[in-house]
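The values are calculated or read from the model by the stated rules, or taken from the named source; none is laboratory data. None of the values given here were measured: they were computed from a predicted structure. Ideal geometry is used to build each Cβ from the backbone, glycine not excepted, and the neighbour counts take in all protein chains shown.
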Amino acid sequence: MKRIHTLTLALLAIAPAAAFAQDATDTSDKRWAVVGGYALAEPIGDTTVAGQQAELDGDGAATLSASYYVTDNIAVEAWGAADKFSHRVNTANGKAGSVEAQPYAVSGQYHFGTSAQTVRPFVGLGYYESNYDGEEVEPTGDLAGQRLGVETAKGAMATAGVDVKLSPSWFARADLRYLHGSSDVMVDGETVGEAEPSPVVVGVGLGARF
């Protein structure tokens, strides 16, 4: 969780940057926005494998999003990881394996205030899926010699964030996402447990409005 705490502190440092931003300009005529950034995903849910409790370590990855503003306050966003989050699978006896996750989502967002403001917070709610692949087992771990599989996770996603306008076309973004969902865990093709990673994803990025 240390990396999540560190990035959260970095997000809090974005707001004072608004004091150095250019004068606020109405950009309500710019309907599209794209954001490229980096995020840390920290699974906080429960996972069981063959009757054992397991934990997934967090990881970071690049992210991309595209939004269409239906009105000045309401937007529809497509968001996803441009790369994969690599999660180490730990049991009571140490590392048992690893798995890679690549989430993507569609959500509706409400942006408070008006586009003329320098700082605009927003909230959102949507649906996500996370593909898992690259499953590997540790040669000396609890799953040694077996084949690990994790099904696609599906569920709801909640978002909260803030945009800081840097110019009429550019802005900085900080956001926090919670992905709630579960998937089956399989060993040698048989379902032996359930993964509910439900990661908290903290991200920062640079966006363009056009």
Of R88, R120, the only residue that is modelled with pLDDT of 95 or more, basic (K, R) and either over 22 Å from the mean Cα position of the chain (by Cα) or in a strand (DSSP E or B) (or both) is R120
Yes or no: D142 assigned to a loop (DSSP other than H, G, I, E, B), within 22 Å of D46 (Cα to Cα) and more than 13 Å from the chain's Cα centre (by Cα)?
yes
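Just to verify a result, which residue in segment 145-177, among those that are farther than 21 Å from E194 by Cβ and β-branched (V, I, T), is farthest from the chain's Cα centre (by Cα)? Explain how you work it out, then say what you get.
Filtering segment 145-177 for residues farther than 21 Å from E194 by Cβ gives 145, 158-177.
Narrowing the set further to residues that are β-branched (V, I, T) leaves 159, 162, 164.
Values: T159: 9, V162: 15, V164: 20 Å.
That would be V164.
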Picking from G203, G181, which residue would you name as being surrounded by 22 or more Cβ atoms within 10 Å (Cβ to Cβ) and within 21 Å of the chain's Cα centre (by Cα)?
G203
R173 fails exactly one of (1) touching a residue at least 60 places away in the same chain (Cβ under 8 Å); (2) not in a strand (DSSP E or B), namely (2)
Residues of segment 18-51 being at pLDDT below 90, surrounded by 17 or more Cβ atoms within 10 Å (Cβ to Cβ) and not aliphatic (A, V, I, L, M), in sequence order, are T27, G45, T47
Considering only residues that are in contact (Cβ under 8 Å) with a residue 60 or more places away in the chain and under 11 Å from T118 (Cβ atoms), which ones fall in segment 158-170?
V162, V164, K165, L166, S167
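For segment 62-69, indicate whether the set of residues that are of a type in the set (S, T, Y), part of a strand (DSSP E or B) and in contact with a Pro (Cβ under 8 Å, 6 or more places away or on another chain) is non-empty.
no
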Any residue that is aliphatic (A, V, I, L, M), in a strand (DSSP E or B) and surrounded by fewer than 14 Cβ atoms within 10 Å (Cβ to Cβ) - is there at least one of those in segment 123-132?
yes
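Look at L148 and say whether it is closer than 30 Å to A50 by Cα and buried (at least 18 other Cβ atoms within 10 Å of the Cβ).
Values: closer than 30 Å to A50 by Cα: yes; buried (at least 18 other Cβ atoms within 10 Å of the Cβ): yes.
For L148, the condition - closer than 30 Å to A50 by Cα and buried (at least 18 other Cβ atoms within 10 Å of the Cβ) - is met.
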Looking at G37, G51, can you tell me which residue is of a type outside the set (S, T, N, Q), in contact with a strand residue (DSSP E or B) (Cβ under 9 Å, 6 or more places away or on another chain) and on the phi > 0 side of the Ramachandran plot?
G51
Segment 157-176, subset under 28 Å from D46 (Cβ atoms) and touching a Pro at 6+ places or on another chain (Cβ under 8 Å), residue surrounded by the fewest Cβ atoms within 10 Å (Cβ to Cβ)
A160
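Does T191 qualify as being surrounded by fewer than 17 Cβ atoms within 10 Å (Cβ to Cβ) and assigned to a loop (DSSP other than H, G, I, E, B)?
Working: surrounded by fewer than 17 Cβ atoms within 10 Å (Cβ to Cβ): yes; assigned to a loop (DSSP other than H, G, I, E, B): no.
So T191 does not fit the description; no.
If the requirement is being out of contact with any His (no Cβ under 8 Å at 6 or more places or on another chain), of a type in the set (A, V, I, L, M), surrounded by fewer than 17 Cβ atoms within 10 Å (Cβ to Cβ) and at pLDDT below 95, which of these qualifies: A62, A15, A66, A54? I'd like the intermediate steps shown before the answer.
Numbers: A62 fails: at pLDDT below 95; A66 fails: at pLDDT below 95; A54 fails: surrounded by fewer than 17 Cβ atoms within 10 Å (Cβ to Cβ).
Among A62, A15, A66, A54, only A15 is out of contact with any His (no Cβ under 8 Å at 6 or more places or on another chain), of a type in the set (A, V, I, L, M), surrounded by fewer than 17 Cβ atoms within 10 Å (Cβ to Cβ) and at pLDDT below 95.
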Note on T140: of the conditions (1) of a type in the set (S, T, Y); (2) at pLDDT below 95; (3) more than 20 Å from A92 (Cα to Cα), unmet is (3)
